[in-house]
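These notes concern the structure reproduced below.
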Amino acid sequence: MMMLTKKMIEIRNMLQTIGQSDTLTLPSIVVIGSQSSGKSSVLEAIVGHEFLPKGSNMVTRRPIELTLVNTPDAHAEYGEFPSLGLGKMTDFSQIQRTLTDLNLAVPAEKCVSDDPIQLHIYSPNVPDLSLIDLPGYIQIAGHDQPKELKQKISELCDKYIQPPNVILAISAADVDLANSTALRASRRVDPRGERTIGVITKMDLVDAQRGASILGDRKYPLRLGYVGVVCRVPHSTGLFSRGGGNITNAIVKNENAYFSAHPLEFGPESELFVGTSTLRKKLMQVLEQTMASSLQGTSDAIHQELEEATYEFKVQYNDRPLSAESYLAESLDAFKHSFKEFAEHFGRPQVRELLKRELDQRVLDILAQRYWNKPISELGPASAEPEPLSGLPKADPESLFWHRKLDASASSLTKLGVGRLATTVLANQLQAHVDHLISTSTFSAHPFARQAISEAASGILNERFYGTSDQVENCIKPYKFEIEVEDNEWSKGRENVTGSLKEELVAVEAAMKDVEARIGGKRKLKDVLGFVERVRKGDVVLEGDGVGGAGGFSSALLATGREAAFLRDRADIIKMRLLAVKSKQCATKKNKYYCPEVFLDVVADKLTATAVLFLNVELLSEFYYNFPRELDSRLGKHLSDTEVERFAREDPKIRRHLDIIRRKEMLELVLEKMESLRQLEGREKRSKAAQ
Ligand code: GDP
């Protein structure tokens, strides 16, 4: 018969994990009583160990859902807090400390919490039972306790003593039953006394006659009756029990001694209403019957719940199966796929373009620094006649000055740290692409994965950085000494630099428009420019560099004016150089001193071609090979189930999807268990009938 209770308690605990609901549960035994009525002593006598928090000011602040599991073949006795993951506790004083800590964690202003503590105790000496220990009723709050405590405790108990739970109402023999708070509370919710068991503690504190008369009480009749107990641990074993031994026997022995010392009052038939052993048996019987009679109702409720969950799963999730692992695996596959696609479209030609653009910018900087920073006429020797049509100055091919200038410029380019620059540009681009892929993938809603992927990329890039950068630098080394230019290279360079000069012109003109808008229009700009021009020529002398403004213009306006003047000059020079590059003179490499723009472009192109060759081998191919593998190792088999679960649940949509599936599965599992229980019950009934 007892197998049934065990199974029903299992089902009850499963339902508990599905979620709190009034109908979706099986009944339990709820223990209520005033403070000091001996409630803890009764529970400890049943469990066989002291494990409940003690101390004058120690009010239980949370319900304890106590599941006792009989393990007939085991020797060890231990407790477990299933939702805390602290593992098995064989030391019951450790359980006591844990319960004390959990109680103290409830903030004082909250008084009590209705969030129950789950505690399972496994022992060959306990019956299969499900009990809920509630805070003891108090008469008046102590001086250091909140005023509302009494009210709050009473409300919490009321919540639990509802049907179909069994009420274990504890009252002390030395207090008039009419004053028993537990019985009064039970009467309110169970007026006919159908599901209340009365326990009278401290039977040894009243004389036997009076004790017997309490148990036979007719004023407060209970269908399940009263049981009188003496749950005090006798002194001789009190010390011993702290050593961790089981106290049930000592209590029972002590109890028997007391009751058999009063044979008149507690004769042989009193076995039905006195003693802790009697109480245990009664609890088992009553719980089993109550649970069994609730089975049908609970099963109906589960069916209903399952139908709702199934419907929701169909409508909202299209019956799409999902698990945390499959979700991660699919997300990872999709991500790797999108990465592969990117890799196919980002190869050598793209790297080349990227790098060339970067070097083009450097070429323009060098030109600006070395050639365009002086009045343009200086580009030619002072004696040379300016060419009226194109405005192209003539550089004397024989002049050492112009040779040195061009050599120095080429040198600035080859020695600017191309290895480092090229590697940085490519690495940054790859990292940015990966970040972009993350943001458009399912991983975007998962901080944990976002970080893991980003770190996977930066890990590889950082590791390869110095090696690649050194390689590239080594390979462009020859250009630091000599640069040979072919005819076709020259014409390609000429074409290309025309393009970049035009782009630069557009950029400068756009910047000029911006300055114009900031200054407040064309006219204003012209005024400011005019003034700046006069200052430049020395027609106007500024006091203190124009810090406080001058000529009716504020200092900020003057600064903007100077910026405008610079941009205007830059635009003029670029226009002039564009004409030069397009002219016949720049059509041939022989005239490279006239055409530094073309020559430097050719150099930049050579540097790019060589750098790309090695960037491809050292960084790009390596990255493409290693990155997917690194992803696998960071987000694949390496992760524990808990980590995978935590990852998947980061996305609220996925969390809801997983929850509904889990709920459905749990409900189905519970129904299965209930079905096998029904069969077991049927078998037991048949075998009883056969006897
Ligand atoms: P709770 O506050 O209701 O949990 O009560 P306790 O179980 O802590 O008991 C209160 C006091 O009564 C303690 O000092 C116990 O030792 C004592 N006590 C409990 N049961 C008995 C009993 O059957 N006989 C006697 N004499 N004392 C008891």
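The values are calculated or read from the model by the stated rules, or taken from the named source; none is laboratory data. From a predicted model like this one, the values you see are computed outputs, not experimental measurements. Positions of Cβ are backbone-derived with ideal geometry, glycine not excepted, and every protein chain shown enters the neighbour counts. Surface areas here come from the heavy atoms of the whole protein model, side chains and all, with no ligands, DNA or RNA. Shrake-Rupley method; radii C 1.70, N 1.55, O 1.52, S 1.80 Å.
In table form, for the structure just shown:
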read-out	value
Percent carbon-and-sulfur accessible area, the chain, ignoring ligands, DNA and RNA, probe 1.4 Å	52
Label-to-label distance, nm, for residues given as Arg320 and Tyr625 (7 Å Cα→Cβ offset)	3.7
Solvent-accessible area per residue for segment 160-221 (1.4 angstrom probe, square angstrom)	45
Net charge contributed by nearby residues that have their C-beta within less than 11 Å of Ser113 (K/R +1, D/E -1)	+2
Nearest-20 debye value, segment 454-613 charge dipole, Cβ charges on Lys, Arg, Asp, Glu	820
For segment 112-117, Karplus couplings with θ = phi - 60° (6.51, -1.76, 1.60), whole Hz, Gly/Pro x	10, 10, 9, 7, x, 8
Helix axis angle, 555-582 relative to the chain longest principal axis, alpha carbon, degrees	60
Which of His446, Ser411, Ala507, positive extreme of dipole for segment 399-525 (C-beta unit charges)	Ala507
Interchain or long-range residues, amide H under 5 Å from Ile117's placed H	Ile64, Glu65
Percent antiparallel among DSSP beta bridges (both partners in the chain, rounded to 5)	30
For Asn125, net neighbour charge (Lys/Arg +1, Asp/Glu -1) across residues whose Cβ lies under 13 Å away	-3
The chain - Cys residues lacking any other Cys C-beta under 4.7 Å	Cys111, Cys157, Cys231, Cys475
Gain in span if fully extended, Arg223 to Gln350, counting 0.36 nm per residue against the direct Cα distance	36.9 nm
Efficiency of FRET from Cβ geometry, Ala334 and Ala368, R₀ 60 Å, rounded to 0.05	0.80
Aspartates and glutamates with Cα under 17 Å of Lys502, excluding same-chain neighbours fewer than 8 positions away	Glu358, Asp360, Asp365, Asp569, Asp572, Glu597, Asp601
Positive dipole terminus of the chain, leading residue within Gly245, Leu26, Ala172 (C-beta point charges)	Ala172
Whole-number D in µm² s⁻¹ for segment 470-521, Kirkwood Cα-pair radius fed into Stokes-Einstein, 10 °C, 1.306 mPa s	110
Top positive-direction residue, dipole computed over the chain with Cβ charges, set Ser323, Gly85, His436	His436
Pairs of alpha carbons in the chain whose separation is greater than 32 Å (percent)	70
Tilt relative to the chain, helix 400-414 - C-alpha long axis, 0 to 90 degrees, to 10	20
By average C-beta atoms within 10 angstrom, highest first, the peptides 673-684, 61-72	61-72, 673-684
Stokes-Einstein D for segment 155-208, Kirkwood Rh over Cα pairs, 25 °C, 0.890 mPa s (µm²/s)	209
Using a Förster distance of 45 Å, the FRET efficiency for Arg534-Leu613 (Cβ separation, nearest 0.05)	0.25
Base-10 log of normalised Debye intensity for segment 433-491 (one unit scatterer per alpha-carbon) at q = 0.16 Å⁻¹	-0.67
10 Å-binned pair-distance histogram of segment 501-586 (Cα, whole percent)	17, 42, 26, 13, 3, 0
Accessible area in square angstrom per residue, segment 562-617, 1.4 angstrom probe	39
Of Lys405/Lys582; Lys219/Lys253; Lys405/Lys492; Lys405/Lys575, those spanning more than 29 Å from alpha-carbon to alpha-carbon	Lys219/Lys253
Between helix 149-160 and the chain: long-axis angle, C-alpha atoms, 0 to 90°, nearest 10	80
Cβ-derived FRET efficiency at R0 25 Å, Ala432 paired with Tyr466, nearest 0.05	0.75
Neighbourhood charge, 13 Å Cβ-Cβ cut-off, centred on Leu354 and excluding it, Lys, Arg +1 and Asp, Glu -1	+1
Mean Cβ neighbour count within 10 Å, used as a protection proxy, ranking 248-258, 144-154, 476-486 highest first	248-258, 144-154, 476-486
